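Colleague: Provided herewith is a single structure, encoded as structure tokens, for subsequent inquiry.
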Amino acid sequence: MTSLADQDLDSLGGPLSILTRQKRDHERLDRLLHRLDRSAPGVEEQTTLQAIARLVFPHAFAEESVLWPEARRVLPDGEALTLQVEQEHQEVNELWISLEDLPSGSPERAEALARLTTVLREDVRDEEDELLPRLQEAVGVRRLRLLGVAWEAVRRTAPTRPHPVVSRRPPGNALAALPLTVLDRSRDVLESGARRFPHLHVQASRASDGLAAVTGRVEHAGLLRRGEDPSTHRD
């Protein structure tokens, strides 16, 4: 097997291929993680984290909805390979939630950020060096392109924030897509508006907090937790 990192565009299946799309996002993530390493605590760090979140969470949601079911279908050890990545995704979600309660510049926050960076980089390597090359060997270029189109469609309409309670697998994650996407992206709009128009900050923050409370109730709906592996379950 050849790592995606060592393959050119033609080898990956062209611009529509899921492999090309994955490698593109991984390269962008690497740049953002380097920026995070250099970001000062406070506004600069938070801005970089927000950019990472908007990349990572839709990307992972689309993987769990489109790619990993395919890997489990076509690879004899697809269950073990995808579960390892799902466990990494779950840890990223939980680390992200923990950051919300850690003071800027504190040693505890620095430790959580270091672990987050490590897990994200491990996730990229597990996908690019093993899981995705194995998928590449198992299916043809046409299928890789179809998966790429489906993955991109899901990614563009996926939740943009961590949801560690929701299932990492269908049917739970598929059922969660619509309500959580609407809630997450509504909060994104409110928070973006608050940054652009400081005089509306209080009202926008209250509205975002209200949507966060709704999100918490939605996440715990029983149907949205179906399909979860016990190792990635969180109450």
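The values are calculated or read from the model by the stated rules, or taken from the named source; none is laboratory data. This is a predicted model, so every value here is computed, not measured. Quick reminder, even Gly has a Cβ in these numbers, built from the backbone with ideal geometry, and neighbours come from all protein chains shown. Heads up: the accessible areas ignore ligands, DNA and RNA and are worked out on the full protein's heavy atoms, side chains in. Shrake-Rupley method; radii C 1.70, N 1.55, O 1.52, S 1.80 Å.
Colleague: Of the residues Glu108, Glu88, Glu152, which exhibits the maximal mean-square fluctuation in a Gaussian network model of the chain defined by a 10 Å Cα contact cut-off?
Modeller: Glu108
Colleague: To one decimal place, what orientation-averaged projected area in nm² is obtained for the convex hull of the Cα set of the stretch 90-224?
Modeller: 10.2 nm²
Colleague: Taking just the C-alpha trace of the stretch 3-107, give me its Rg and Dmax in Å.
Modeller: Using the Cα atoms of the stretch 3-107, the pair Rg, Dmax is 16.2, 46 Å.
Colleague: Hey, in the GNM for the chain with a 10 angstrom Cα cutoff, which one of Gln50, Gln22, Gln203 fluctuates hardest?
Modeller: Gln203
Colleague: Measuring from centroid to centroid over Cα atoms, what is the spacing of the stretch 1-43 and the stretch 161-235 in Å?
Modeller: So the two Cα centres are separated by 26 Å.
Colleague: Using a 1.4 Å probe, how large is the accessible area of Arg24, given in Å² and rounded to the nearest 10?
Modeller: 100 Å²
Colleague: Give me the extension gain from Glu111 to Glu27: residue separation times 0.36 nm, minus the current Cα-Cα distance, reported in nm with one decimal.
Modeller: Separation in residues times 0.36 nm, less the Cα-Cα distance, equals 27.9 nm.
Colleague: Okay, next question. Can you compute the FRET efficiency between Ser3 and Arg206 using 1/(1 + (r/R0)^6), with r the Cβ-Cβ distance and R0 = 45 Å? Round to the nearest 0.05.
Modeller: Numbers: r = 47 Å, r/R0 = 1.05.
E(calc), rounded to 0.05, equals 0.40.
Colleague: With runs of 4+ DSSP H residues as the only contributors, calculate the mean residue ellipticity of the chain at 222 nm using -39,500 (n - 2.57) per run, divided by the residue total and rounded to the nearest 500. Please report the intermediate quantities before stating the final value.
Modeller: On the way: 10 runs with 160 residues, N = 235.
Rounded to the nearest 500, it is -22500 deg cm²/dmol.
Colleague: Tell me, what is the Rg over Rh of the stretch 34-77, with Rh the Kirkwood radius over Cα pairs?
Modeller: Details: Rg = 15.9 Å, Rh = 12.4 Å.
Answer for the stretch 34-77: 1.28.
Colleague: Please report, in whole Å³, the volume per residue of the convex hull around the C-alpha atoms of the chain.
Modeller: Spread over its residues, the Cα hull of the chain gives 124 Å³ apiece.
Colleague: Which order do Val182, Val139, Val43 take by accessible area at a 1.4 Å probe, largest first?
Modeller: Val43, Val182, Val139
Colleague: What is the stretch 53-98 by shape, rounded, prolate or oblate, if you read a ≥ b ≥ c off the alpha carbon gyration tensor as root eigenvalues and call it rounded for a/c under 1.5, prolate for a/b larger than b/c, and oblate otherwise?
Modeller: Details: a/c = 4.45, a/b = 1.78, b/c = 2.50.
Cα axes put the stretch 53-98 in the oblate bin.
Colleague: In nm, to one decimal, how far is the modelled label at Arg121 from the one at Val189, with both set 7 Å along Cα→Cβ?
Modeller: Once both label points are built, they end up 3.8 nm from each other.
Colleague: Can you find, among Pro41, Pro230, Ala51, the residue farthest towards the positive end of the dipole of the chain? Put +1 on the C-beta of Lys and Arg, -1 on that of Asp and Glu.
Modeller: My answer, from the dipole projection, is Ala51.
Colleague: Okay, next question. Calculate the FRET efficiency for Asp129 and Arg72 from the Cβ-Cβ distance with a Förster distance of 22 Å, rounded to the nearest 0.05. The partial results should precede the final answer.
Modeller: Numbers: r = 19 Å, r/R0 = 0.86.
The computed FRET efficiency comes out at 0.70.
Colleague: Given a 1.4 Å probe and the protein chains all in place, what does the accessible area of Ser205 round to, in Å² to the nearest 10?
Modeller: 40 Å²
Colleague: Once both axes come from the Cα atoms, what is the angle between helix 141-155 and the longest principal axis of the chain, in degrees from 0 to 90, rounded to 10?
Modeller: Tilt relative to the chain: about 10 degrees.
Colleague: Specify the angular offset, from 0 to 90 degrees and rounded to the nearest 10, of the alpha carbon long axis of helix 172-196 from the longest principal axis of the alpha carbons in the chain.
Modeller: 50 degrees
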